């Protein structure tokens with residue numbers, strides 16, 4: 001089971017192998033790969049530092065405890081109808097995305113995210129809406 005915060009559900013959908021550092025990207029790729037290959041993998045929604053934040057590089061300005069990140073977490077969870085503490089499968093996350101999210105929601109929910117301008121999350125959301133699942137990362 002992975003412990004993940006709200007906005008990282010969208011980050012995983014948009015992930016294409018890039019990250020803040022090699023170690024960060026390697027960790028994200030491991031989590032992403034397991035969710036992609038086994039959508040029944042369980043996750044627990046947590047409030048705060050999760051298994052993705054743990055590998056945030058020390059040489060970068062740490063933003064994982066910033067108020068706007070917590071706000072983004074809560075907005076994403078509200079959009080999906082999830083709550084902190086809930087345990088669910090990745091399959092359920094994709095199902096909720098198909099039901100409640102559009103690619104344009106990224107511009108609203110993640111407007112302060114530096115990765116938003118790359119269009120990765122919008123593309124990932126569209127992929128989920130098309131029933132294709134997570135991107136394959138080589």
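Taking the stretch 56-73 as the range and being within 18 Å of residue 45 (Cβ to Cβ) and buried (at least 16 other Cβ atoms within 10 Å of the Cβ) as the test, the residues that pass are 69, 70, 72, 73.
Cβ-Cβ below 8 Å, separation at least six or inter-chain, first residue in the stretch 91-112 and more than 22 Å from residue 132 (Cα to Cα), second modelled with pLDDT under 95 and surrounded by fewer than 16 Cβ atoms within 10 Å (Cβ to Cβ): which pairs? As it stands, the answer is 112/68, since those pairs meet every condition given. Just one of the listed residues (76, 87, 93) is under 23 Å from residue 49 (Cα atoms) and more than 14 Å from the chain's Cα centre (by Cα), and it is 87. Give 123, 85 a once-over and let me know the one that is touching a residue at least 24 places away in the same chain (Cβ under 8 Å), part of a loop (DSSP other than H, G, I, E, B) and surrounded by fewer than 18 Cβ atoms within 10 Å (Cβ to Cβ). That would be 85, the only listed residue that is touching a residue at least 24 places away in the same chain (Cβ under 8 Å), part of a loop (DSSP other than H, G, I, E, B) and surrounded by fewer than 18 Cβ atoms within 10 Å (Cβ to Cβ). Quick check, is residue 106 part of a helix (DSSP H, G or I), farther than 21 Å from residue 31 by Cα and modelled with pLDDT of 95 or more? Judged against the criteria, residue 106 is a match. Taken together, the criteria place residue 109 among residues that are touching a helix residue (DSSP H, G or I) at 6+ places or on another chain (Cβ under 6 Å) and farther than 13 Å from residue 5 by Cα.
Within this structure, residue 92 fails the test of being in a helix (DSSP H, G or I), surrounded by fewer than 16 Cβ atoms within 10 Å (Cβ to Cβ) and out of contact with any strand residue (DSSP E or B) (no Cβ under 8 Å at 6 or more places or on another chain). Restricting attention to the stretch 18-57, the residues that are in a loop (DSSP other than H, G, I, E, B) and within 23 Å of residue 68 (Cβ to Cβ) total 13.
The values are calculated or read from the model by the stated rules, or taken from the named source; none is laboratory data. Predicted model, so just to flag it, every value in this text is computed and none were measured. Every residue, glycine as well, gets a Cβ built from its backbone with ideal geometry; the counts of neighbours run over all protein chains shown.
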